[in-house]
Each structure stands twice: as C-alpha cells, then as structure tokens.
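A.B. asks: One structure coming up, written as structure tokens, with questions to follow.
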Amino acid sequence: MEFARPYWLGLLPLILVPLALPRRAAFRFPTLRVVPGDPASRVLEWVERGLGAVFIVGIVLGLSEPRLVFRPRLRWIHGVQVVFVVDQSASMFAPWHGRWTNPPKIDVAHRALAEFLDAFPTGQWALVGFGRAPVVYTAGTSDPHHFRQVLRFQRADFGDTVIDTALQRALALAVAGDFSAVVLLSDGAGRVQAPDVLARAFQEAHRRLYWIAVQGPEEPVPEMFRLMTELGPWGTTVRVSTGGALGSALQSVGSRERRLMALAPSQSLNGRRLGWALAGVALLGLGGLGFSRRSLCDSRGSDSDESS
C-alpha cells in the first residue's frame, strides 16, 4: 500500500481518544439493587466509542490518500519502452522561432508527445524534466491518460540547462525499469561534462540515446555533439526546426523501438473514497445512536411518570 500524503498518518493515535474517555456519569445506589442493571446502555456506549474511532480512521485515510497497488497477470504485447527527457530551461518556454505569435516550444513538444502516445498506445514510458537539476515526473507508466496528465505538471521554468545529470538520472531509470532507450528533447545548449564517460555508461548498459535537437536561439554546445559521436551506433541525432518535424522524429523513434515486451500493467485502488465513506458511515451511526439514546430516555421518563 502506498500513501500520497503519509504525514497525515501521524494523527492515527487519536483513535485512542474516544476509547479512553471516562464513562458517562452514573448514579450510585445501595446494595439492595432497587434499580436493575442496564447492560444495553453499556453496549451502546462501547458501540459509540467504536464508531468514534472508526470516524477518526476514516478521516485519516481520506487525508493520507492510500493506494493499493496490484499487478494482474503478465501478458506479452508489442510496445515501446522509453524514457523521455524534456528540457525545461528558459529557452524551451520561448516561442517557436522567436515569434511571439507562435506557441512555446515546450507546448509543441508536449503536443508531439501526445501524438506519439496516439500512435503507440501500448508500452511503458517514463518522464524526466530538467533545468538546473533533474525531476522525475513518473518512473514508468503504461497508462497513456496518466502520462498525458503528468505532462501538465511540466510548466515550471527551471532556468539553467544541466544536461549530463538529467541523462545520468534517465539512464538509471532505464536500467531499473528495463527501458530500451532514452529520448532527449532539448536544444542542446547546456552543461555536458565528461561526455566520453557518459557515452561509455550508455554503451555498457546497452541503452540507446536519441537526441531530438530542437532549434533554439543558441547553438548546441560542442560537448553534446561529442557525446553523440562517442556513442557511435548507440546514439542518434535528429535536428528539427518545425513542430511537424518534431512529431515525425518521435514517430520514427517509436517505430525503431517497438518490440515484443512483457507487460504487467499496474493497477491501483484509491482508498481515499473508502476513508471518506467510513467517516460518513461512522458519523451517521453516531447520529443514530444519539437519537436512540434520546428516544430511550424520553420513553423511560414517560414510563416513570405513568407509574407514579
């Protein structure tokens, strides 16, 4: 089980509060036992305490958003397994070709990625954004709708462009998740230290690197070209100057990387609604008990009046 906001679990000890509350005030009678025992009230009191604890558990579950992740039966499909590395530096948020009427390059890249998912809807995809540092938006998903939702979070300008660290992080994801390739969408204007060492890491991991070089105001750094040269057959560079060319480049990557793959699509059950449902049921139960207690007291009071 996973929790989206696990820090709310720190409120769980509060379930002891309704259980540890002192018993309701009781009248004391002599040992002659003039008034008979009332076990029903005691049972109702403990039911009320239990419902109070369930109410707190439901609230905590609703706030912490638990997800029960499970994997169904493994199946074999033809799909694409790649790690996308998308530049989030200032240049990617500039208009395409520098014209203010054109959309930002990051939007064009996202549109091309959406078209890629339409063309290759089966597979597994990871997403890394980078500027000064890499950010892993998803370590791998087989749900195209979820991947499109994740793309919407790439709206922050991360400033400087540190390419080598992002590629190292993407390579680690590719090895851990059995992705066949890394696809870099960047203008290539940024820091690339020790390109020979980075190229050797890709070669030893048997992972390909596709660099889709988006046209930008600055020329790519020489170290980027050196990296792709050092990669040899493990590296491919495609320079694009239009949105259509960007989409075609991604389609080409999908065609080359499409292969038979084992897929165990992860599915999850969101426990947030269950938590709120528990809290609602417990609250209704507490309300019903309060009404029952009042009705019981009223009926006893009327019986005592009639007897007198």
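The values are calculated or read from the model by the stated rules, or taken from the named source; none is laboratory data. This one's a predicted model, so the numbers in the text were calculated from it and none came from an experiment. Glycine also receives a Cβ, built like all others from the backbone with ideal geometry; neighbour counts cover every protein chain displayed. Accessible surface is based on the protein model in full, side chains and every heavy atom, while ligands, DNA and RNA are left aside. Shrake-Rupley method; radii C 1.70, N 1.55, O 1.52, S 1.80 Å.
A.B. asks: I'd like the residue in region 178-227 that is open to solvent by 50 Å² or more (accessible area, probe 1.4 Å) and within 29 Å of the chain's Cα centre (by Cα) and, out of all such residues, is farthest from Phe84 (Cα to Cα).
C.D. replies: Step by step, filter region 178-227, then rank; the result is His206.
A.B. asks: Quick one: would you say Phe147 is farther than 20 Å from Thr237 by Cβ and part of a helix (DSSP H, G or I)?
C.D. replies: So Phe147 passes the test.
A.B. asks: Kindly evaluate Val82 against the criterion of being open to solvent by less than 10 Å² (accessible area, probe 1.4 Å), within 26 Å of Arg207 (Cβ to Cβ) and either part of a helix (DSSP H, G or I) or β-branched (Val, Ile, Thr) (or both).
C.D. replies: yes
A.B. asks: Name the residues in region 151-207 that are more than 20 Å from Arg132 (Cα to Cα), assigned to a helix (DSSP H, G or I) and not charged (D, E, K, R), would you?
C.D. replies: Matches in region 151-207: Ala174, Val175, Ala176, Gly177, Val197, Ala199, Ala201, Phe202, Gln203, Ala205.
A.B. asks: Go through region 135-165 and count every residue that is in contact with a Ser or Thr (Cβ under 6 Å, 6 or more places away or on another chain) and either farther than 14 Å from Val86 by Cα or not aromatic (Phe, Trp, Tyr) (or both).
C.D. replies: Final tally of qualifying residues: 2.
A.B. asks: I'm trying to understand the selection: among the residues of region 178-223, which are acidic (Asp, Glu) and either touching a strand residue (DSSP E or B) at 6+ places or on another chain (Cβ under 6 Å) or in contact (Cβ under 8 Å) with a residue 24 or more places away in the chain (or both)?
C.D. replies: Asp178, Asp187, Asp196, Glu218, Glu219, Glu223 - these are the residues of region 178-223 that are acidic (Asp, Glu) and either touching a strand residue (DSSP E or B) at 6+ places or on another chain (Cβ under 6 Å) or in contact (Cβ under 8 Å) with a residue 24 or more places away in the chain (or both).
A.B. asks: Are any residues in region 142-177 among the aromatic types (Phe, Trp, Tyr) and surrounded by 15 or more Cβ atoms within 10 Å (Cβ to Cβ), and if so, which ones?
C.D. replies: If the condition is that a residue be among the aromatic types (Phe, Trp, Tyr) and surrounded by 15 or more Cβ atoms within 10 Å (Cβ to Cβ), then Phe147, Phe158 are the ones that fit.
A.B. asks: Can you tell me which residue among Ala114, Ala119, Ala109, Ala139 is under 16 Å from Val214 (Cβ atoms) and among the aliphatic types (A, V, I, L, M)?
C.D. replies: Ala109
A.B. asks: Residues being surrounded by 19 or more Cβ atoms within 10 Å (Cβ to Cβ) and either small (Gly, Ala, Ser) or free of Cβ contacts under 8 Å to residues at least 40 places away in the same chain (or both): count how many of those fall in region 244-253.
C.D. replies: Qualifying residue count for the region: 2.
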